[in-house]
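Engineer: Sharing a structure here in structure tokens format.
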Amino acid sequence: MAETLVDIAGLEKHFAVAGGGWFSRRKLAVRAVDGVDLAIRRGETLGLVGESGCGKSTLGRLILRLVRPSAGAIRFGGVDIATLEGAALRAVRRRAQMIFQDPYGSLNPRMRVADLVTEPLRIAGRPPAAGYRAHAESLLQSVGLDAQHAERYAHEFSGGQRQRIGIARALALEPELVVADEPVSALDVSIRAQVINLMQDLQARHRLTYLFISHDLGVVHHIADRVAVMYLGRIVELAPKRALYATPRHPYTQSLLAAIPAATPALRGRRVALGGDPPSPLAPPPGCRFHTRCPHAIERCRREDPPLQAAGEGHSVACLRADEIGPIAIPLIQPGGRAGR
Amino acid sequence: MATRRSGPRFGHRIKIGLGAAIVLGAVLMAILAPLLAPHDPYRQDLLARLQPPVWAEQGAWKHPLGTDNYGRDLLSRLIYGSRLSIMVGVSAALLSAVLGSVLGMLAGYKGGWLQQVIMRFADAHLAFPEILLAILIVAAVGGSALNLILVLGVSGWMVYARVMYNLTRAVRERPFIEAAVSHGASDAYILARHVFPQLVPVLTVVCTLQVAQMILQETALSFLGLGLPPPTATWGNMLAEGRDRLWVAPWIANFAGLAIILVVWGINMLGNGLREHLDPKAKERR
Amino acid sequence: MALLEVEGLRTVFPSQEGEVSAVEGASFSLSEGEVLGLVGESGSGKSVTAFSLMRLVQAPGRIAAGSVRFEGRDLLSLDEREMRKLRGRRMSMIFQEPLSSLNPVWTVGQQVMEPMLLHGGVTRREARERALAMLARVGIADAARRFNDYPHQLSGGLRQRVMIALALVCEPKLLIADEPTSALDVTIQAQILELLRDLQRELGMAILMITHDLGVVAEIADRVNVMYAGRIVESAPVETLFRAPAHPYSAGLLQSVPDMGEERERLPTIRGIVPRPGEMPPGCAFAPRCPYADAACTVAPPPVHTLTDDHAAACVRPLGAHG
């Protein structure tokens, strides 16, 4: 088994928000990440899926220590970085980099592309052997852009090209881990595939480890080796990709897969829509967090908080009734394969 | 898709051009004062006191704008006066810009108790009449160019602090700041390299407009006798001296007043023009 | 007779390089009770098409040519007062971001009542009753309590339900839905699509579903128009489009969506990027990115090639066509 690069234990992040009435001094906390154990192996792509507000972005930022955890440990290459500060923290941050969702906002509009992509090196005080300019050009070429693009500003590029610039910048420091937070969600379908392929090429070339955060189960299916499913601050299921999509064990995962729009018209309407909205992370329900929407919930689910338990090879699930419910295969493709090819 | 055509944009060009011309003229006048002034601004000539300007009946080309109560040449005093007025105004505006921007950016970027302390202090200071504070301090420590710059500079910081604070808070939320943090950048680096450049356009505008304010305040202090001591040629002093002779020799105060109005108007026009020019909303967006 | 008939629609926006067309010669029709998907990527002109049908193109954009016949009347020749009578009553629109299209200072109930009161013919009491019934119909539990809530108190999914209630409360014949589920989570998206499908059947209305998401099309549409760079490049029944797309762009689009049925090393891609408006190539706008393009494609915009009576593609040599 591959070496563990990131090892997370009991990780929590609670954001304080002003609560109550005008005169109340009561503080409420959004429990964005609420007790997560997770290991990321060197060289793998771990997909992290979940709906908005489930805490997946916060988890990604915790691993990069862009936010400070409320509790728990984050071991990065064996060292606990959960409480690092100052220069030591900045040094660790350089070993892990991020690709952002917003290709428009994440590039400083007042900087030239050459400066943008080499900025991490300047900050780290590591001038490249070939000089900044030549290095910028080679970085741009490695993500499929022209060397002449170095002189331009970010706004002169399309969304897909900007995302390539963001990727070049993330790779400048030759990081071990790349956290990609919805890297293709803002892109058009035809551009999305280009960027995904690029990310896969770069992973092979630079032996990168990816934490790939997305709400798009199709994209995650394509790129991930293992997939973790998050709901209201918790990981509810973790499995190798094939197992997760073919034999999902948690009722939430099953509902998520069932909710994906049909791949072809022939599969239309064969899905059960999950009722209701996710509860507020300000006040997660007691017991199993999913019981308010779960079609299989029983009285026990309201009281007991299920731990993440092994349920097969490399497969774990946090559900009290997982064995009773069993894996449910969701028809995701038309028998006979894909059309139009 | 829809590229918006930004309507007629001549207004701000004219403003910037005219404003810059006036400001440039005033600055050149200040720098070249010894070459331009026909007389020594401090030389008294009691035989030629209270001479009217050249176009009046008793005027003469020797003193184109006439003379004051001591027979000093008004044109020369006006030219030399621009030196101190502009120097004090610009220096005081720059001082308050530096102070206010640093504090405002720190408050906006760091938040927490630092923000509370800085911004509450700014609020309290804003509630206190600026000119009154300046009067109190100058009355205590005496008027000299340096004192005036310090007093006016320190008493003007809150305007910048407020503006920079709000802008910094907005910029801090933009994703490229988080990107810089993820590259291991320090706070100082981020403030200097990523936050400050976004604020420069606004800072330029506020600073320009504040120079006009500062010139007016210097004038006000001098007029009240709290600025630079009397023989010194400043526009405020000339205004104060002219006040006593307003009925017999109105030109003394008039020319100083006109000079102040013209320069302040020019600076304001430049500032407003710049604001319209730099306003991101007026620019083409993609 | 078709409910909606669009002929040669051309909508233009001024730019530095002169007028550029966001929609160029779009022609299609929509029968009563039919769901037509309008698929395209950003900048393809699909949203501008929708706004053109409602005559809500933002100035300085304008409709430069074409005709839009709705229930037999030419919408482009109506005056603004008559057009207002149609909007919200005979044809309605819902948008991607319900929060910005709902007024934050009005309660949900007031907003759902508004179209009925605007168009007259009902008392406040009737309007209130019908609004309540509609809110319940779009699946808002406890509609009577929600009636007095403000939009910010609702979740994204509930807001979109309110938008739908507001659009459908006058029982229009045509609903134009502009990316109605794109901002929603996948479980909520499934709920909203199911709701739209049910309401469409129940009210017998036609839907023009504008989306970039082929999954949404597969889920709800009867027929599909694919748009690229302002033009409709393919029109087909939904099964045909997914089984045998004729335009290389449609085929590329379908293939570049990662699917969960098989594992592929690499995703097939469409090379290059969409040309900017004003920099359109002289021939087929897709030619620079098309794997099959040759000299014939760069001369003039390709003619519409009819493959069967309900399948057409604007391509010199559509895929699967023999001869």
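Engineer: What is the number of the single condition among (1) out of contact with any Pro (no Cβ under 9 Å at 6 or more places or on another chain); (2) at pLDDT 90 or above that C:A22 does not meet?
Structural biologist: The failed condition is (1).
Engineer: Against the condition open to solvent by 40 Å² or more (accessible area, probe 1.4 Å), modelled with pLDDT of 90 or more, farther than 27 Å from A:H315 by Cα and assigned to a loop (DSSP other than H, G, I, E, B), how does A:R25 come out, does it pass?
Structural biologist: No: the conditions fail for A:R25.
Engineer: Could you please find all residues in segment C:114-129 being farther than 15 Å from C:S92 by Cβ and not in a loop (DSSP other than H, G, I, E, B)?
Structural biologist: Correct list: C:L117, C:R124, C:R125, C:E126, C:A127, C:R128, C:E129.
Engineer: Restricting segment A:232-257 to residues that are outside any helix (DSSP H, G or I) and of a type in the set (D, E, K, R), which is farthest from A:L46 (Cα to Cα)?
Structural biologist: A:R249
Engineer: For segment C:66-80, which residues satisfy the criterion of being among the hydrophobic types (A, V, I, L, M, F, W, C) and either at positive phi or open to solvent by 40 Å² or more (accessible area, probe 1.4 Å) (or both)?
Structural biologist: Listed by number, the list holds a single entry, C:L76.
Engineer: From the list A:Y210, A:Y153, which residue is of a type in the set (S, T, Y) and either closer than 20 Å to A:Q97 by Cα or at the interface with chain C (Cβ under 10 Å from one of its Cβ atoms) (or both)?
Structural biologist: After ruling out the rest, the residue left standing is A:Y210.
Engineer: Within segment C:241-264, how many residues turn out to be in contact with a Leu (Cβ under 9 Å, 6 or more places away or on another chain), open to solvent by 10 Å² or more (accessible area, probe 1.4 Å) and farther than 18 Å from C:H212 by Cα?
Structural biologist: 3
Engineer: How many residues are basic (K, R) and open to solvent by 40 Å² or more (accessible area, probe 1.4 Å) if we restrict to segment B:32-90?
Structural biologist: Selection size over segment B:32-90: 4.
Engineer: Another question, then. Do we have any residue at all in segment C:146-154 that's touching a residue at least 60 places away in the same chain (Cβ under 8 Å) and surrounded by 16 or more Cβ atoms within 10 Å (Cβ to Cβ)?
Structural biologist: No: zero hits.
Engineer: Moving to a separate point now. Need a quick list: strands (runs of 3 or more DSSP E) entirely within segment A:43-142 having at least 3 residues that are within 14 Å of chain C (Cβ to nearest Cβ) and at negative phi.
Structural biologist: A:45-49
Engineer: Could you list, in sequence order, all residues of segment C:225-252 that are touching a helix residue (DSSP H, G or I) at 6+ places or on another chain (Cβ under 6 Å), at the interface with chain A (Cβ under 7 Å from one of its Cβ atoms) and in contact (Cβ under 8 Å) with a residue 40 or more places away in the chain?
Structural biologist: C:V238, C:P245
Engineer: Condition test on C:P282, is it open to solvent by 10 Å² or more (accessible area, probe 1.4 Å) and either assigned to a loop (DSSP other than H, G, I, E, B) or touching a strand residue (DSSP E or B) at 6+ places or on another chain (Cβ under 6 Å) (or both)?
Structural biologist: Taking the combined requirement at face value, the residue satisfies it.
Engineer: Select from segment B:182-209 the residues that are open to solvent by 30 Å² or more (accessible area, probe 1.4 Å), within 7 Å of another protein chain (Cβ to nearest Cβ) and assigned to a helix (DSSP H, G or I) and list them in ascending order.
Structural biologist: Answer for segment B:182-209, where residues must be open to solvent by 30 Å² or more (accessible area, probe 1.4 Å), within 7 Å of another protein chain (Cβ to nearest Cβ) and assigned to a helix (DSSP H, G or I): B:Y189, B:P197.
Engineer: Right, another one. Considering each residue of segment C:198-224, count those that are touching a Lys or Arg at 6+ places or on another chain (Cβ under 9 Å), at the interface with chain A (Cβ under 9 Å from one of its Cβ atoms) and either aliphatic (A, V, I, L, M) or under 19 Å from C:M91 (Cα atoms) (or both), and give that number.
Structural biologist: Summing the residues that are touching a Lys or Arg at 6+ places or on another chain (Cβ under 9 Å), at the interface with chain A (Cβ under 9 Å from one of its Cβ atoms) and either aliphatic (A, V, I, L, M) or under 19 Å from C:M91 (Cα atoms) (or both) in segment C:198-224 gives 2.
Engineer: Now for a different question. I'd like the full set of residues that are within 14 Å of chain A (Cβ to nearest Cβ) and either touching a Lys or Arg at 6+ places or on another chain (Cβ under 8 Å) or outside any strand (DSSP E or B) (or both), limited to segment C:285-311.
Structural biologist: Passing the criteria: C:A285, C:F286, C:P288, C:R289, C:C290, C:P291.
Engineer: Now a separate question. Checking A:C301 against (1) over 14 Å from A:Y231 (Cβ atoms); (2) outside any loop (DSSP other than H, G, I, E, B); (3) more than 9 Å from chain C (Cβ to nearest Cβ), which test does it fail?
Structural biologist: All conditions pass for A:C301, except number (1).
Engineer: Can you name every residue in segment A:52-65 that is crowded, with 18+ Cβ neighbours inside 10 Å and either over 16 Å from the mean Cα position of the chain (by Cα) or of a type outside the set (V, I, T) (or both)?
Structural biologist: Within segment A:52-65, A:G53, A:C54, A:G55, A:K56, A:S57, A:L59, A:G60, A:R61, A:L62, A:L64, A:R65 meet the criteria.
Engineer: Have a look at A:R169, A:R192, A:R152, A:R164 and point out the one that is in contact with a strand residue (DSSP E or B) (Cβ under 9 Å, 6 or more places away or on another chain), open to solvent by 20 Å² or more (accessible area, probe 1.4 Å) and of a type outside the set (G, A, S).
Structural biologist: A:R152
Conditions tested, residue by residue: (1) surrounded by fewer than 16 Cβ atoms within 10 Å (Cβ to Cβ); (2) within 24 Å of the chain's Cα centre (by Cα); (3) within 14 Å of chain A (Cβ to nearest Cβ).
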position	(1), (2), (3)
C:E82	yes, yes, no
C:K85	yes, yes, no
C:R90	no, yes, no
C:T107	no, no, no
C:A127	no, no, no
C:V162	no, yes, yes
C:E171	yes, yes, no
C:A183	no, yes, yes
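Engineer: Follow-up. With the condition being of a type in the set (S, T, N, Q), I'd like the helices (runs of 4 or more DSSP H) fully within segment B:129-177 carrying at least 2 qualifying residues.
Structural biologist: Helices (runs of 4 or more DSSP H) meeting the threshold: B:145-155, B:157-172.
Engineer: Here is a follow-up. If we scan segment C:36-56, do we find a residue that is in a strand (DSSP E or B), more than 14 Å from chain A (Cβ to nearest Cβ) and surrounded by fewer than 20 Cβ atoms within 10 Å (Cβ to Cβ)?
Structural biologist: no
Engineer: List every residue pair whose Cβ atoms sit under 7 Å apart, with the two residues 6 or more apart in sequence or on different chains, where the first one lies in segment A:257-275 and is at pLDDT below 80 and the second, anywhere, is among the aromatic types (F, W, Y).
Structural biologist: Final answer for the pair search is none.
Engineer: Scan segment C:19-35 for residues that are open to solvent by 30 Å² or more (accessible area, probe 1.4 Å) and not polar (S, T, N, Q) and jot them down.
Structural biologist: Scanning segment C:19-35 gives C:E19, C:E24, C:G25, C:E32.
The values are calculated or read from the model by the stated rules, or taken from the named source; none is laboratory data. This one's a predicted model, so the numbers in the text were calculated from it and none came from an experiment. As a convention, Cβ positions derive from the backbone with ideal geometry for all residues, glycine included, and neighbour counts pool all protein chains shown. When the accessible area is computed, the model is the full protein with side chains, heavy atoms only, and any ligands, DNA or RNA have been set aside. Shrake-Rupley method; radii C 1.70, N 1.55, O 1.52, S 1.80 Å.
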